[in-house]
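In what follows, a single structure is set out as structure tokens and then discussed.
The values are calculated or read from the model by the stated rules, or taken from the named source; none is laboratory data. If you're wondering where the values come from, they're calculated on a predicted model, not measured in any experiment. Please note: Cβ atoms are built from the backbone with ideal geometry, for glycine as well, and neighbour counts cover all protein chains shown.
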Amino acid sequence: MNFHVLTLFPEMIDQGVRTSITGRAIEKGVISLELVNIRDYTKDKHKKVDDYPYGGGAGMLMQAQPVYDAFLSVTKNLKGRMRPRVIYMAPQGRTFHQQMARELACEEDLIILCGHYEGIDQRVLDTIVTDYVSIGDYVLTGGELPAMVMIDAVSRMVPGVLGNEDSGETESFSNYLLEYPQYSRPEEWNGQKVPEVLLSGNHEKVEEWRLTQSLERTKELRPDLYEKWAAENQDYFERLRRREARKRQKEERRLRKSQEI
């Protein structure tokens with residue numbers, strides 16, 4: 001997968017993305033990162049890329065021309081491929097979530113546009129942007145931090161990026177559920193012991209415990225996600241009901257036998 005980022009601060013993204021898991025994925029060629037400095041495409045001799053907004057108002061606005069030319073510098077090298085999605089990181093966009101990360105990971109190329117100052121001239125946004133995306137209801141200085149969040153989350157869904165191919169599917173939000181508690185050595189620390197089931201070697205029991213813990217944690221902390229999961233997994237609750245019914249029947253038979261004796 002290829003990420004193309006249009007930004008005024010390429011060094012900021014370069015330092016953040018070329019480390020840890022995403023950095024190793026770039027080195028292996030599993031993903032690629034192209035950083036395009038919008039300032040390189042201004043026609044102003046002083047490298048100016050912003051101006052006052054028409055109608056007045058506080059702050060400066062990024063101009064359309066350098067943004068558009070930076071965009072063209074990317075797309076001219078993508079001829080013959082599908083038209084890439086262009087993501088503009090902005091507070092008015094759809095909130096970024098795990099399902100969106102999985103969806104975007106299916107793209108061959110992804111162009112991410114980072115705004116700055118008071119934003120970008122609407123005319124160029126109307127011309128090139130396909131998706132407006134936000135990472136939350138708060139204000140940041142620019143789109144670089146949200147872009148790094150998106151690159152990290154999307155990259156984890158690309159096959160070959162994670163060492164354990166199952167990791168991306170078992171983490172929080174991958175299926176609406178929060179991740180279950182995890183433990184490592186030693187078996188006892190500060191008077192707290194690792195749950196016995198995790199030491200049992202019974203993989204079926206371990207998976208059952210993990211799912212139960214995920215459900216309980218999600219129901220308590222993110223009831224909205226729990227409701228989504230429950231709506232799509234009615235068969236799970238039906239299996240639980242049948243299991244409980246069998247337990248009751250077994251207990252009733254045991255009690256009857258003890259009374260007969």
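Residues checked against (1) of a type in the set (Val, Ile, Thr); (2) modelled with pLDDT of 95 or more:
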site	(1), (2)
8	no, yes
23	no, yes
30	yes, yes
37	no, yes
50	no, yes
53	no, no
66	no, yes
70	no, yes
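Within the stretch 78-96, the set of residues being at pLDDT 95 or above and surrounded by fewer than 15 Cβ atoms within 10 Å (Cβ to Cβ) comprises 94, 95.
Are any of the residues in the stretch 48-57 acidic (Asp, Glu), touching a residue at least 40 places away in the same chain (Cβ under 8 Å) and under 22 Å from residue 140 (Cβ atoms)? So that I can check it myself, show each step before the final result.
Filtering the stretch 48-57 down to residues acidic (Asp, Glu) leaves 50-51.
Now drop any that are not touching a residue at least 40 places away in the same chain (Cβ under 8 Å), which leaves 50.
Subset that is under 22 Å from residue 140 (Cβ atoms): 50.
Yes, some residue in the stretch 48-57 is acidic (Asp, Glu), touching a residue at least 40 places away in the same chain (Cβ under 8 Å) and under 22 Å from residue 140 (Cβ atoms).
On the stretch given as the stretch 106-123, residues that are surrounded by fewer than 19 Cβ atoms within 10 Å (Cβ to Cβ) and touching a residue at least 60 places away in the same chain (Cβ under 8 Å) total 4. If you filter the stretch 30-43 down to residues that are of a type outside the set (D, E, K, R) and closer than 14 Å to residue 109 by Cα, you find that the one that is surrounded by the fewest Cβ atoms within 10 Å (Cβ to Cβ) is 32.
Entry remark, the stretch 9-29: residues being more than 20 Å from residue 110 (Cβ to Cβ) and either touching a strand residue (DSSP E or B) at 6+ places or on another chain (Cβ under 6 Å) or surrounded by 14 or more Cβ atoms within 10 Å (Cβ to Cβ) (or both) number 0 in total. Contact annotation: residue pairs with Cβ atoms under 6 Å, 6 or more positions apart or on different chains, pairing a residue in the stretch 58-70 that is free of Cβ contacts under 8 Å to residues at least 40 places away in the same chain with a partner that is in a helix (DSSP H, G or I), are 66/38; 66/41; 69/41.
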